[in-house]
Amino acid sequence: MTRPLVALACSAETWDDVRHDAVRHAYVAALEEAAECDVALIPGAGHTFAAHLDRYDGLVLGGHETNVAPERYAASSGPGPFDPDRDALALALIPAAVGAGLPVLGICRGLQELNVAHGGTLRTLEPGTHREDLSLPRDEQYLPAHVIRIVVGGLLDELTDRVGSARVNSLHGQAIDRLGEGLRIEAVAPDGVIEAVSVTEGGHPFGFAVQWHPEWYATTDPLSRRIFHAFGEAVRKHTAGR
């Protein structure tokens, strides 16, 4: 049986003074193994891809070191660095995907993009509130850092068998400020940071985003694996219904 094909947005990175479109392998591995999907990488400058989403069975927007530019959510300032091409790509892809009923999964920057695409705003986290230790080796920065409270009755509540809380990792300098229209809060951290949201508009089948990084533990952590598995199931259901 042919596996579904999902689009994974890339971000700009520069080395040797040359721009590259890049994505961490952890996202590809999690989608291939836990979601059981094949992956197509979408270049950051590929703004016209929004017109061709019918080629794909799902959309994934992962994290990156860059942040969403403040002008995208009508703010006067925000923490850099920025990636204008990734902003343009994500904010074109999300409305097209949601409008077409295409399953969408957002992670870290992807959650922030989903919120901005729905008219929401972002806030900058003050130094010391990131709940991360950047002095640690990169692998250790992704270790679970804090507890989240899961909102009753949502998708995340269902994925966690209604346990009410979970322990997750953090690596971000922005967070949701005003929630976008058509989004539902799925989880909140003790410090008030919104940690997960879902799309409720128009009976969308699967629009879900988290602030943490489940791709890092998709083969070892049950919740991380369930998130990708649920996305894969939604993708297969969408594909079967075409």
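Before moving on, here are some points about what is shown:
- Our helix-only sum for the chain, with -39,500 (n - 2.57) per DSSP H run of n ≥ 4 divided by its residues, gives a mean residue ellipticity at 222 nm of -7500 deg cm²/dmol.
- Taken as entire DSSP H runs, the helices of the chain that both span 20 Å or more between Cα atoms along their own long axis and average -1.0 or more on the Kyte-Doolittle scale are 84-99, 222-240.
- Using the 1.4 Å probe convention, the accessible area of the stretch 3-133 works out to 40 Å² per residue with neighbouring protein chains retained.
- Kirkwood hydrodynamic radius computed over the chain comes to 17.8 Å, based on all pairs of distinct alpha carbons.
- Computed across the stretch 22-123, the Kirkwood radius stands at 14.0 Å (inverse of mean 1/r, all Cα pairs).
- Sum of side-chain charges, V210 neighbourhood, beta-carbon under 11 Å (Lys, Arg +1; Asp, Glu -1): -3
- Tensor-based shape of the stretch 171-242 (alpha-carbon gyration tensor, a/c under 1.5 rounded, otherwise prolate or oblate): oblate
- Whether the stretch 144-194 is rounded, prolate or oblate, judged on the alpha carbon gyration tensor where a/c under 1.5 counts as rounded: oblate
- For a label point 7 Å along the Cα-to-beta-carbon line of E36, residues of the stretch 42-78 with backbone N under 16 Å: none
- Only Lys, Arg, Asp and Glu carry charge here, each on its Cβ (+1 for the first two, -1 for the last two); on that basis the chain has a dipole of about 580 debye about its Cα centre.
- The heavy atoms of R225 offer some 100 square angstrom of accessible surface to a 1.4 angstrom probe.
- Scattering profile of the stretch 37-85 at q = 0.27, 0.30 Å⁻¹ [log10 I(q)/I(0), Debye over alpha-carbon scatterers]: -1.10, -1.20
The values are calculated or read from the model by the stated rules, or taken from the named source; none is laboratory data. In this text the structure is predicted, and so the values were computed from the model without any measurement. Ideal geometry is used to build each Cβ from the backbone, glycine not excepted, and the neighbour counts take in all protein chains shown. When the accessible area is computed, the model is the full protein with side chains, heavy atoms only, and any ligands, DNA or RNA have been set aside. Shrake-Rupley method; radii C 1.70, N 1.55, O 1.52, S 1.80 Å.
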